[in-house]
Amino acid sequence: QLQQEIDRTRGFLSRLLETTPNPIFTTDMRGILTFSNKAADELLALHERNSEGSVTAGDIFLGGEREAGQIIDYLAERQGSVENYETYISCGPNSEVPASLAMSYLYDQDGNPEGVISIVQNLARERKLESEIQRNEHYLATFIQNSPDAVIVLDEQARVKTWNQGALKMFGRSKDEMVGHTLEGLVPPDEQAI
């Protein structure tokens with residue numbers, strides 16, 4: 001009956017690891033890969049590497065063996081657990097992805113570290129969205145700056161934050177003269193309430 005319970009638990013853990021969308025892999029303390037779930041196999045392109053022999057953490061991290069050693073040192077400094085470690089993961093020849101890892105020691109029966117488990121979050125989609133947002137912000141800033149219409153943005157204290165070329169033409173004052181100052185003197189007193 002005990003063996004059946006052990007088998008049920010193993011089966012559950014196996015299904016859990018194989019169906020999670022997050023890549024999970026483990027290494028021993030020397031950095032040799034000891035386990036990878038299906039998502040990690042796909043991300044790390046392990047089917048392409050298997051013919052080369054054992055895979056190491058140095059093969060996984062873009063920083064190679066040096067970064068793998070630094071991670072072990074960093075884990076020791078952080079009492080065996082690190083969240084949000086950002087790096088680049090090698091996904092086979094000439095391919096890498098930005099990733100955030102949660103890593104923790106795996107302990108033996110005596111409480112000594114015998115390996116490291118890493119859970120990977122692929123940041124490629126987030127980086128692509130960040131890049132797209134930056135491009136859009138740049139486009140908008142360029143559009144505003146070069147608009148023939150006066151565009152003036154004020155902060156909470158009614159000081160100028162943005163002063164474009166149209167405002168320069170309309171008021172005859174440069175961006176350097178106006179940013180950080182109020183519009184006092186530019187707008188007639190009877191129109192300031194608008």
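What is the extension gain from R8 to S95, computed as 0.36 nm multiplied by their sequence separation minus the C-alpha to C-alpha distance, in nm to one decimal? It would help to have the intermediate numbers written out before the result.
Values: separation 87, 0.36 × 87 = 31.32 nm, distance 3.85 nm.
Here the segment from R8 to S95 would lengthen by 27.5 nm.
What Kirkwood radius, in Å to one decimal, follows from the Cα pairs of segment 1-57?
Its Kirkwood hydrodynamic radius stands at 12.7 Å.
Connecting C-alpha atoms closer than 10 Å in a GNM of the chain, tell me which of A167, A68, A124 has the biggest fluctuation.
A167
Once fully extended, how much extra length lies between E65 and Y88, figured as 0.36 nm per residue of separation less the alpha-carbon to alpha-carbon distance?
6.9 nm
Give the angle, between 0 and 90 degrees and rounded to the nearest 10, that separates the Cα long axis of helix 124-146 from the longest principal axis of the Cα atoms of the chain.
That works out to roughly 10 degrees.
Quickly work out the T34-to-D73 label distance, labels modelled 7 Å from Cα along the C-beta direction, and quote it in nm with one decimal.
2.3 nm
Which semi-axes, in whole Å and largest first, does the equivalent ellipsoid of segment 38-194 have when worked out from the alpha carbon gyration tensor as the square roots of 5 times its eigenvalues?
Values: eigenvalues 620, 79, 26 Å².
Taking √(5λ) for each Cα gyration eigenvalue gives 56, 20, 11 Å.
Evaluate the distance, in nm, between pseudo-label points positioned 7 Å from the Cα of I133 and of Q157 along their respective Cα→Cβ axes.
Placing both labels 7 Å beyond Cα along the Cβ direction yields 2.7 nm.
Kindly write out, for segment 74-91 in residue order, the coupling ³J(HN,Hα) from the Karplus curve 6.51 cos²θ - 1.76 cosθ + 1.60 (θ = phi - 60°), rounded to whole Hz, with x marking Gly and Pro.
Karplus-based 3J(HN,Hα) across segment 74-91 equals 5, 4, 4, 5, 9, 6, x, 8, 9, 10, 6, 7, 8, 7, 10, 9, 7, 10 Hz.
Compute the FRET efficiency between Q145 and L17 as 1/(1 + (r/R0)^6), taking r as their Cβ-Cβ distance and R0 = 41 Å, and round to the nearest 0.05.
Values: r = 52 Å, r/R0 = 1.28.
The computed FRET efficiency comes out at 0.20.
Under the Kirkwood approximation for Rh and a Cα-based Rg, what ratio Rg/Rh is obtained for segment 1-95?
Taking Rh as the inverse mean 1/r over Cα pairs, Rg/Rh reads 1.03.
So for segment 40-124, Kirkwood radius off the Cα pairs, Stokes-Einstein at 37 °C and 0.692 mPa s: how many µm² s⁻¹?
The calculation lands on 243 µm²/s.
Pick from L123, L16, L106: which is most flexible by mean-square fluctuation in a GNM of the chain where alpha carbon atoms under 10 Å apart are linked?
It is L16.
Every number here is computed from the coordinates shown, using simple stated rules; none is lab data. On a predicted model such as this, the values are computed, not experimentally measured, just so you know. Reconstructed Cβ throughout: ideal geometry from the backbone, glycine too, with neighbour counts over all protein chains shown.
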